[in-house]
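Q: Sharing a structure, written as structure tokens. Questions coming.
The values are calculated or read from the model by the stated rules, or taken from the named source; none is laboratory data. Predicted model only: the values in this text are computed from it and were never measured. With ideal geometry, Cβ positions are generated from the backbone for all residues, glycine too; neighbour counts draw on all protein chains shown.
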Amino acid sequence: MIETLTRPLVRIRRVEEAIAARYAEGQMRCPVHLSIGQEAVAVGVCSHLEPQDYAVSTHRAHAHYLAKGGDLNRMIAEIYGKATGCSEGRGGSMHLTDLSVGFLGSTPIVGGSLPVGVGAAFGAHLQGESRLTAIFFGEGATEEGVFAESLNFAALKKLPVLFVCENNLYSVYSPLSVRQPRARSIPALARAHGMLALQGDGNLLEEVCSLTKQGVDHIRKGHGPCLIEFATYRRREHCGPHPDPFQPEEEVAHWALRDPLRGIEIDESEIHAEIEAAFAFARESPFPRRAS
Ligand SMILES: Cc1ncc(C[n+]2csc(CCOP(=O)(O)OP(=O)(O)O)c2C)c(N)n1
């Protein structure tokens with residue numbers, strides 16, 4: 001299984017590197033929040049989702065959208081603000097959606113993916129549908145009140161929700177140490193609501209897969225929601241194509257050694273061709289009509 005996931009992992013990295021390399025051309029009509037360094041979470045989690053399962057994401061959504069099966073051409077076109085984009089060019093990088101693969105959308109309001117995802121899961125439950133909903137969020141979202149409200153309601157109704165917390169240590173430029181007391185454990189907050197909570201290395205694809213399988217099996221058996229906190233690291237600035245000027249050098253070096261793509265070598269020619277075609281599609285597409 002891991003071998004088949006290597007290609008999606010590399011593909012997502014190369015897509016985001018291509019976005020970073022071209023950002024200065026000024027053709028992208030929105031800010032971009034890259035998840036370079038965090039891709040293993042998206043790929044490992046989504047590999048355990050079925051096409052009819054839902055996923056909801058944040059401002060840092062490219063990897064989640066692509067891992068869930070979102071269309072690459074339509075994502076790049078969206079970033080270019082074109083009518084062929086997945087939100088018809090009116091949303092940009094932070095408002096990706098592809099309903100054909102259950103990617104309900106992404107929201108840049110920190111914590112916003114939580115109630116949206118729980119609401120979608122509740123709706124599916126009321127309709128008698130057997131879908132799981134995966135909700136991606138950063139550890140910054142756990143500082144919002146809506147985190148507790150969403151966990152509470154999902155646990156109360158035993159909803160089939162997988163809460164996926166990507167803890168990359170930073171909220172914009174503020175490290176975890178200035179935002180949360182040391183002893184605050186995110187899985188413990190979930191356990192306090194009576195739900196299964198797991199924790200692991202988000203840069204190890206095998207570990208992401210095995211923890212996700214555990215969580216998804218639990219949820220699909222009808223035992224209610226599960227939260228998984230994955231430790232990971234963002235290797236670019238919070239928003240934009242450059243390295244983060246505020247991350248300490250030793251920390252950057254430490255995480256570089258734990259990059260999820262380390263040791264992977266595959267033939268990437270098809271990936272590069274697909275990316276070139278997606279950028280050409282975006283460039284050649286028309287802008288949306290002005291609303292009258
Ligand atoms: C409610 C709200 N507060 C503040 C912001 C500004 N903001 C945008 S991204 C971000 C950091 C979020 O950090 P985290 O949730 O850990 O996600 P990450 O960016 O690390 O992926 C903040 C504070 C916002 N978009 N929404």
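Q: Among all residue pairs at least 6 apart or on different chains, which show Cβ distances below 7 Å where the first residue, located in the range 243-261, is among the aliphatic types (A, V, I, L, M) and the second is at pLDDT 95 or above?
A: Leu261/Leu9; Leu261/Val10; Leu261/Arg13
Q: Any idea how many residues of the range 224-242 are within 15 Å of the ligand (Cβ to nearest atom), among the small types (Gly, Ala, Ser) and within 26 Å of Asn152 (Cα to Cα)?
A: Total satisfying the criteria: 1.
Residues checked against (1) without any contact (Cβ under 8 Å) to a residue 60 or more places away in the chain; (2) in contact with a Phe, Trp or Tyr (Cβ under 7 Å, 6 or more places away or on another chain):
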| residue | (1), (2) |
| --- | --- |
| Val161 | no, no |
| Glu166 | no, yes |
| Ser171 | no, no |
| Ala183 | yes, no |
| Ala197 | yes, no |
| Gly202 | no, yes |
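Q: Taking the condition within 18 Å of Ala63 (Cα to Cα), of a type outside the set (Phe, Trp, Tyr) and in contact with a Leu (Cβ under 9 Å, 6 or more places away or on another chain), does Arg258 pass?
A: no
Q: Is the range 267-277 home to any residue that is surrounded by 15 or more Cβ atoms within 10 Å (Cβ to Cβ) and of a type in the set (S, T, N, Q)?
A: No: zero hits.
Q: In the set His64, His48, His125, which member is of a type outside the set (S, T, N, Q), under 27 Å from Ala190 (Cβ atoms) and within 12 Å of the ligand (Cβ to nearest atom)?
A: His64
Q: Go through the range 36-62 residue by residue and tally those that are assigned to a loop (DSSP other than H, G, I, E, B) and touching a strand residue (DSSP E or B) at 6+ places or on another chain (Cβ under 8 Å).
A: 7
Q: Quick check: anything in the range 78-85 among the aromatic types (Phe, Trp, Tyr), surrounded by fewer than 19 Cβ atoms within 10 Å (Cβ to Cβ) and over 29 Å from Leu211 (Cβ atoms)?
A: For the range 78-85, residues among the aromatic types (Phe, Trp, Tyr), surrounded by fewer than 19 Cβ atoms within 10 Å (Cβ to Cβ) and over 29 Å from Leu211 (Cβ atoms): absent.
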